[in-house]
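The numbers here are math on the coordinates, done by the rules we state, and not lab data. Here the structure is a predicted model, which is why all the values come from computation and not from measurement. Cβ: placed from backbone, ideal geometry, glycine included. Neighbour counts: every protein chain shown.
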Amino acid sequence: MNDKEKFAFKKMLVPWVVMLAFWILGFVMWYSSGFIEPLFFFGYIGTSIGVGLGLYAALPKKRKPLGRKLTLFLVGGFLLGFMGLLQSENMQIEWVFFSLLAGLFGAALTHYLIAKIFGPLLFGRLWCGWACWTVMILDLLPHSRPSGRIPGRWEWFRYGHFVLTLGVVLLLWLGFGYRDHIYFGSAMGLYWLLVGNALYYLIGIALAFVLRDNRAFCKYVCPITVFLKITSRFSLLKIKGDSDKCDECGACVKTCPMDIRIPDYIKNGQRVLSTECSLCQTCISVCARDALGLSFGFDLGGKELLRERTQA
């Protein structure tokens, strides 16, 4: 294998690993349960993400984002449209809480265990950058280059949101007899899906325009990150840089939708250890010196080096 073939193989390694992992998971669940639906479900998602990652790796720099946007609509549209609206499978966080209380091991709990609990141990917050149906819409807005994080403790809103959601679920379950409404295909589940997503989109879009930041919802409000920031610390897949190539031009920092100070990690000889990283790979595509790339390895994340805006 010559150098050109080795380079091409290396670029396609991550797409193939991600796709294979999903197909293996689908096959195992099909074999153990006797139902073929998991094979279709996970095979479709894995193929969609793998194709998107492959396009991102293969396309010229200016067109690389097309791969990620395609995957967002393929996966996000499938989960929200087909699984949600057509199959009445609510995969919002409140339905996960309801499912746990009711002892239902359905699509909601399966989705969270794979995408938000165990999946990030391998692939970090790949869900956030490549599959989230909220990001699918937010990334269409005009404020894709934020000016930094708002100083202070704004990110604590997401923990408050998480606690509030859990509290509402417990109140409805214990005090208002919601036990009778929690079952597979429940009309109440579809109602929660429609109202919950409408509120998420409304808040996300409003914050994007008020704060001039498409990902403001992800940074400050989204309750899902409570899970993701814990498990993604152990992610095998992270951004890696070559300190000899990096000239600290700052292009990656200015375009990072999550405001991560990427060169600070690279110059310290580390991979990007921030649990805010959604592996969108924007930093890779804007680096003029090709100093950044994806890599597999083991190092404990959680060291947050984030850019703050000068004025709130």
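Can you list residues from other chains, or at least 5 along the same chain, whose modelled amide H is less than 5 Å from the amide H of residue 261?
Under 5 Å from the amide H of residue 261 lie the amide H atoms of 305, 306, 307, each far enough along the sequence or on another chain.
Would you mind counting up the charge near residue 141? Only other residues with Cβ under 12 Å from its Cβ, with Lys and Arg at +1 and Asp and Glu at -1.
With Lys, Arg at +1 and Asp, Glu at -1, the neighbours total +1.
For each of 259, 244, count neighbouring Cβ atoms within 10 Å of the residue's Cβ, then give the residues from fewest to most.
Lowest count first: 244, 259.
How large is the charge dipole for the chain, taken about the Cα centre, if only the Cβ atoms of Lys, Arg (+1) and Asp, Glu (-1) carry charge, to the nearest 20 debye?
Working: 33 positive and 20 negative charges, 184 e Å.
The calculation lands at about 880 debye.
Would you be so kind as to identify which of 41, 114, 214 lies farthest towards the positive end of the dipole of the chain, taking Lys and Arg as +1 and Asp and Glu as -1 on Cβ and the Cα centre as origin?
Going by the charge dipole, the pick is 214.
Just from its helices, what would the mean residue ellipticity at 222 nm be for the chain, if runs of 4 or more DSSP H residues each count -39500 (n - 2.57) and the sum is divided by every residue, rounded to the nearest 500 deg cm²/dmol?
Taking each H run of at least 4 residues, the total per residue is -16000 deg cm²/dmol.
Sorted by mean Cβ packing within 10 Å, highest first, what order do the peptides 263-269, 125-131 take?
Details: 263-269: 16.6, 125-131: 25.6.
Ranked from most to least packed, the peptides come out as 125-131, 263-269.
Can you give the relative contact order of the chain as a percent, counting alpha carbon pairs under 8 Å and 6+ residues apart?
Values: 489 pairs, mean separation 60.3, N = 312.
Over the chain, the number comes to 19 percent.
From the phi of every residue in region 275-285, what ³J(HN,Hα) in whole Hz does the Karplus formula 6.51 cos²θ - 1.76 cosθ + 1.60 yield, where θ is phi - 60° and glycine or proline is x?
Going residue by residue, I get 7, 7, 5, 9, 6, 5, 6, 4, 4, 5, 6 Hz, with x marking Gly and Pro.
Quick check on my link table: of 267/303; 240/303; 229/303; 219/267, which ones sit more than 18 Å apart, alpha carbon to alpha carbon?
The answer is 219/267.
Going by how many other beta carbons lie within 10 Å of each one, how would you line up 296, 97, fewest first?
Neighbour counts put them in this order, fewest first: 296, 97.
Could you name the aspartates and glutamates in cross-link range of residue 116, using Cα to Cα under 20 Å and dropping any fewer than eight places away on the same chain?
89, 94, 155, 276, 299, 304
Can you put 246, 287, 277 in order of Cβ neighbours within 10 angstrom, beginning with the fewest?
The fewest-first ordering by Cβ neighbours comes to 246, 287, 277.
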